[in-house]
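Just below is one structure, and these are the notes that go with it.
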Amino acid sequence: MTGQDFQDKLDAIVADLQTAGKGKTINLMFRANGGAANVLPLSSTAGGVVNAGQLAAVQSFVDDLKGIADTYTTEYAPVTAASEAFRLAQVPHEALTEAARVARVALSDALTADAPYQAAKTALDNARTVATYIDARTQYEAENVSENYSELSSAKGKYVGV
Amino acid sequence: MTGQSIQDKLNLIISDLHTDFAGQGVNLMFRDVTNTPVVFVITANEIGEVNAAQVAAVQAFVDNLVNAADDLELFSIPIRAAQIAFNAAQLPHSALIESARLARVALQTALDGDANYQQAKGDLDDAKTVEYEQALVDYKNNNVPENAAELSNARGNYFPFVDGPGGGQ
């Protein structure tokens, strides 16, 4: 979607209001940045004159979209090209990729169907989330127990005269 | 690591100062709960009498380590038991686990050894610039696809314009 695509769509609506849609109104229900509704009416007189103030408001909103769309298109182009190159670079490895996928699925299927395994896995997961264990581990880390234990080991023999 | 193993380390140092290293001292460089260095000194006189106040200070610090280690050890017991049960439950699937591992390693080895793939991967990472990421965010935040669809959908949905207060506006 380019900025020009946006402008073309708006221009088509404006042209309708100037010709076959003379004397009619359209409500454009946009969504603004942040998610708020932004309903902009656009009307023309029986003579096909489009309300300039309304059109300016719509054009201003559409201009923002055009700029954003064009920037996105510009910035996305190198990513698209690089993505395609990356896809092609993976082609020589498709057989190995598929073999890895098949092996992974076979394992996953076997594990999923094994009720005792699932029970053991759940029990292990649950055991790791027990609050007393988590608190103890947090305290252990806070006290720098491993590092301080290492210091007690290292310090032995490092004696100095007093 | 148990609390006793920590205590044993301290006891060995004190024992050294009592005996073979009488008349010497040691600097113990710990890190406390605020990650601040805490340096303790323990010295012994020529006949191997260790400074009691210095030992008490070190022991107070080490007691916290001992308690923390013992608590973790205690509350890890159910996890170790669950881990043993889990390992046993995995045993029937050892062959499949190994097959999956070998397949994964084979793929990774092939990818690692493929300069063309690595180049393409690096190029793709490089292509995702800060500007691109920002454009992507703006594109999403401004609901560009939805608003484009609205411009398409709205066309033709005209209704009569009534000029004047409250009409057509």
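When B:S76 is tested against (1) more than 27 Å from A:V130 (Cβ to Cβ); (2) at the interface with chain A (Cβ under 7 Å from one of its Cβ atoms), exactly one condition is not met: (1). When A:V105 is evaluated against the numbered criteria (1) more than 8 Å from every other protein chain (Cβ to nearest Cβ); (2) under 15 Å from B:N147 (Cα atoms), which criterion, by number, is the only one it fails? If we test A:V105 against (1) more than 8 Å from every other protein chain (Cβ to nearest Cβ); (2) under 15 Å from B:N147 (Cα atoms), just (2) comes out false.
Hand me the list of helices (runs of 4 or more DSSP H) wholly inside segment B:79-145 holding 2 or more residues that are modelled with pLDDT of 95 or more and among the basic types (K, R).
Details: elements: B:94-112, B:115-127, B:130-141.
Of the helices (runs of 4 or more DSSP H) lying wholly inside segment B:79-145, those with at least 2 residues that are modelled with pLDDT of 95 or more and among the basic types (K, R) span B:94-112.
Take the residues in segment B:14-38 that are more than 33 Å from the chain's Cα centre (by Cα) and among the aliphatic types (A, V, I, L, M); name whichever of them is nearest to the other protein chains (Cβ to nearest Cβ). Walk me through it before giving the result.
Initially, segment B:14-38 is screened for residues more than 33 Å from the chain's Cα centre (by Cα), giving B:14-26.
Retained after the next criterion (residues that are among the aliphatic types (A, V, I, L, M)): B:14, B:17, B:22, B:26.
On the way: B:I14: 10, B:L17: 7, B:A22: 10, B:V26: 5 Å.
The residue in question is B:V26.
Among the residues of segment B:44-57, those identified as surrounded by fewer than 17 Cβ atoms within 10 Å (Cβ to Cβ) and either closer than 21 Å to B:V33 by Cβ or hydrophobic (A, V, I, L, M, F, W, C) (or both) are B:I47, B:A52, B:A53, B:A56, B:A57. Counting the residues of segment A:6-30 that are within 7 Å of chain B (Cβ to nearest Cβ), open to solvent by 20 Å² or more (accessible area, probe 1.4 Å) and either in contact (Cβ under 8 Å) with a residue 60 or more places away in the chain or part of a strand (DSSP E or B) (or both) gives 2. As a summary of the residue check, B:G48 satisfies the conditions (1) more than 8 Å from chain A (Cβ to nearest Cβ); (2) in a strand (DSSP E or B) except for the one numbered (2).
In the set A:D64, A:D70, only one residue is facing another protein chain (nearest Cβ under 10 Å), open to solvent by 50 Å² or more (accessible area, probe 1.4 Å), touching a residue at least 40 places away in the same chain (Cβ under 8 Å) and within 22 Å of B:V144 (Cβ to Cβ); that residue is A:D70.
Residues checked against (1) within 30 Å of A:E151 (Cβ to Cβ); (2) touching a strand residue (DSSP E or B) at 6+ places or on another chain (Cβ under 8 Å); (3) of a type outside the set (A, V, I, L, M):
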| position | (1), (2), (3) |
| --- | --- |
| B:V41 | yes, yes, no |
| B:N64 | yes, no, yes |
| B:I84 | no, no, no |
| B:N87 | no, no, yes |
| B:S94 | no, no, yes |
| B:A100 | no, no, no |
| B:D114 | no, no, yes |
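Tell me, please, whether a residue that is of a type outside the set (D, E, K, R), without any contact (Cβ under 8 Å) to a residue 12 or more places away in the chain, open to solvent by less than 70 Å² (accessible area, probe 1.4 Å) and under 30 Å from A:R104 (Cα atoms) can be found in segment B:58-79. So far as segment B:58-79 goes, yes, one or more of its residues are of a type outside the set (D, E, K, R), without any contact (Cβ under 8 Å) to a residue 12 or more places away in the chain, open to solvent by less than 70 Å² (accessible area, probe 1.4 Å) and under 30 Å from A:R104 (Cα atoms).
The values are calculated or read from the model by the stated rules, or taken from the named source; none is laboratory data. Note that the coordinates shown come from a computational prediction; the quantities given were computed from them, not determined experimentally. All Cβ positions, even for glycine, are placed from backbone atoms using ideal geometry, and neighbour counts span all protein chains on display. We work out accessible area using only protein heavy atoms, side chains counted, and drop any ligands, DNA or RNA first. Shrake-Rupley method; radii C 1.70, N 1.55, O 1.52, S 1.80 Å.
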